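Chemist: I am attaching a structure below and will ask some questions about it afterwards.
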Amino acid sequence: MDVAIIKYNAGNIYSVEYALKRLGVPYRVTGDKESIQKADKVIFPGVGEAATTMNHLKATGLDRLICGLKQPVLGICLGQQVMCRRSEEGHVDCLGIFDVEVKRFMPQRHEDKVPHMGWNSLENVNSGLFTPKQENAFVYFVHSYYVPVNAYTAATTNYIQPFSAALHKENYYATQFHPEKSGSVGEAILTNFLNL
């Protein structure tokens with residue numbers, strides 16, 4: 001199996017690399033378009049800011065490349081958010097794979113902290129990314145923006161309000177949580193993706 005991790009101006013690539021090493025899966029970190037197109041699976045990780053990321057993707061042509069991929073693609077955290085139509089972070093138009101707008105968390109009570117950091121359970125899991133065993137399993141989140149529940153929602157969780165923990169449309173999958181930082185549950189979800 002040939003796995004490409006898209007290299008761009010965002011953090012978090014190392015933790016994805018470590019997760020794949022633990023699973024014994026060969027991979028390469030690359031921004032080379034031909035290399036990404038030829039890969040069996042593509043992972044689009046991200047920690048950073050949406051507007052800066054979109055500027056970089058457009059400048060390098062990776063925006064068009066990602067939207068045209070035919071193999072399974074997994075966006076993680078910021079990777080999920082920039083796969084959406086638009087983000088309130090920087091008020092920027094994004095890739096538009098998922099026709100939904102990314103929103104900023106608005107605290108409702110004193111104890112509502114933003115960014116949301118910590119472990120939350122997955123509910124309503126319903127794509128090839130998950131097995132029934134992952135219903136109610138806990139995964140790790142760290143984010144200030146979220147994707148509302150919508151037609152592409154593949155799992156939900158609840159912090160301040162229910163939101164999309166994962167999305168799925170055709171060959172595109174995405175998680176707001178970090179599977180690579182979610183212990184054995186996260187490794188199982190990454191394995192599910194690699195086995196698609």
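Residues checked against (1) under 29 Å from GLY68 (Cα atoms); (2) buried (at least 18 other Cβ atoms within 10 Å of the Cβ); (3) among the charged types (D, E, K, R):
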residue	(1), (2), (3)
MET83	yes, yes, no
ARG109	no, no, yes
LEU122	no, yes, no
VAL142	yes, no, no
TYR173	yes, yes, no
GLN176	yes, yes, no
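Chemist: Please specify each residue of the stretch 103-161 satisfying the condition of being among the hydroxyl-bearing types (Ser, Thr, Tyr), farther than 13 Å from THR175 by Cβ and touching a strand residue (DSSP E or B) at 6+ places or on another chain (Cβ under 8 Å). Quick ask: steps written out before the conclusion?
Modeler: Filtering the stretch 103-161 down to residues among the hydroxyl-bearing types (Ser, Thr, Tyr) leaves 121, 127, 131, 140, 144-146, 152-153, 156-157, 159.
Keeping just the survivors that are farther than 13 Å from THR175 by Cβ gives 121, 131, 144-145, 159.
Result: SER121, SER144, TYR145, TYR159.
Chemist: Those residues that are within 13 Å of the chain's Cα centre (by Cα) and among the hydroxyl-bearing types (Ser, Thr, Tyr), I need them from the stretch 153-182; list them, please.
Modeler: Residues satisfying the conditions are THR153, SER164, TYR172, TYR173, THR175.
Chemist: From the list VAL3, VAL82, VAL47, VAL29, which residue is touching a strand residue (DSSP E or B) at 6+ places or on another chain (Cβ under 6 Å) and under 22 Å from ALA154 (Cβ atoms)?
Modeler: Values: VAL82 fails: touching a strand residue (DSSP E or B) at 6+ places or on another chain (Cβ under 6 Å); VAL47 fails: touching a strand residue (DSSP E or B) at 6+ places or on another chain (Cβ under 6 Å); VAL29 fails: under 22 Å from ALA154 (Cβ atoms).
Only one candidate qualifies: VAL3.
Chemist: Tally up the residues in the stretch 63-98 that are of a type in the set (Gly, Ala, Ser) and either over 17 Å from GLY31 (Cβ atoms) or touching an Asp or Glu at 6+ places or on another chain (Cβ under 7 Å) (or both), please. Write out each step before concluding.
Modeler: Filtering the stretch 63-98 for residues of a type in the set (Gly, Ala, Ser) gives 68, 75, 79, 87, 90, 96.
Filter once more, keeping what is either over 17 Å from GLY31 (Cβ atoms) or touching an Asp or Glu at 6+ places or on another chain (Cβ under 7 Å) (or both): 87, 90, 96.
Residues meeting the conditions: 3.
Chemist: β-branched (Val, Ile, Thr) and surrounded by fewer than 17 Cβ atoms within 10 Å (Cβ to Cβ), is that true of THR131? Quick ask: steps written out before the conclusion?
Modeler: Numbers: β-branched (Val, Ile, Thr): yes; surrounded by fewer than 17 Cβ atoms within 10 Å (Cβ to Cβ): yes.
Here the answer is yes, as THR131 does meet what is asked.
Chemist: Answer yes or no: is there a residue in the stretch 54-68 that is in contact with a Cys (Cβ under 8 Å, 6 or more places away or on another chain) and not basic (Lys, Arg). Steps first, answer last, please.
Modeler: First, the residues of the stretch 54-68 that are in contact with a Cys (Cβ under 8 Å, 6 or more places away or on another chain): 54.
Applying the additional criterion that residues be not basic (Lys, Arg) yields 54.
For the stretch 54-68, residues in contact with a Cys (Cβ under 8 Å, 6 or more places away or on another chain) and not basic (Lys, Arg): present.
Chemist: Take the conditions surrounded by 15 or more Cβ atoms within 10 Å (Cβ to Cβ), in contact with a strand residue (DSSP E or B) (Cβ under 9 Å, 6 or more places away or on another chain) and of a type outside the set (Gly, Ala, Ser) and apply them to MET54. Does it pass? Break it down into steps so the answer makes sense when it comes.
Modeler: Details: surrounded by 15 or more Cβ atoms within 10 Å (Cβ to Cβ): yes; in contact with a strand residue (DSSP E or B) (Cβ under 9 Å, 6 or more places away or on another chain): yes; of a type outside the set (Gly, Ala, Ser): yes.
For MET54, the condition - surrounded by 15 or more Cβ atoms within 10 Å (Cβ to Cβ), in contact with a strand residue (DSSP E or B) (Cβ under 9 Å, 6 or more places away or on another chain) and of a type outside the set (Gly, Ala, Ser) - is met.
Chemist: Please enumerate the residues belonging to the stretch 173-196 that are in a strand (DSSP E or B) and in contact with a Phe, Trp or Tyr (Cβ under 7 Å, 6 or more places away or on another chain).
Modeler: Step one: of the stretch 173-196, the residues in a strand (DSSP E or B) are 173-175.
Within the stretch 173-196, TYR173 is the sole residue that qualifies.
Chemist: In the stretch 144-172, which residues are closer than 16 Å to LEU129 by Cα, in contact (Cβ under 8 Å) with a residue 60 or more places away in the chain and assigned to a loop (DSSP other than H, G, I, E, B)?
Modeler: ASN171
Chemist: Taking only the stretch 20-46 into account, find how many residues are in contact (Cβ under 8 Å) with a residue 24 or more places away in the chain and open to solvent by 30 Å² or more (accessible area, probe 1.4 Å). Please lay out each step first, then the result.
Modeler: Keep residues of the stretch 20-46 that are in contact (Cβ under 8 Å) with a residue 24 or more places away in the chain, which gives 20, 22-23, 25-31, 33, 35-46.
Add one more test, that the residue is open to solvent by 30 Å² or more (accessible area, probe 1.4 Å), and what stays is 22-23, 26-29, 31, 33, 37-38, 40.
The total comes to 11.
Chemist: Further, regarding this structure: Inspect the stretch 11-22 for any residue being over 23 Å from GLY96 (Cα atoms), part of a helix (DSSP H, G or I) and among the polar types (S, T, N, Q) and give the result as yes or no.
Modeler: yes
The values are calculated or read from the model by the stated rules, or taken from the named source; none is laboratory data. Quick caveat, the model's predicted, so the values are computed rather than measured. As a convention, Cβ positions derive from the backbone with ideal geometry for all residues, glycine included, and neighbour counts pool all protein chains shown. Heads up: the accessible areas ignore ligands, DNA and RNA and are worked out on the full protein's heavy atoms, side chains in. Shrake-Rupley method; radii C 1.70, N 1.55, O 1.52, S 1.80 Å.
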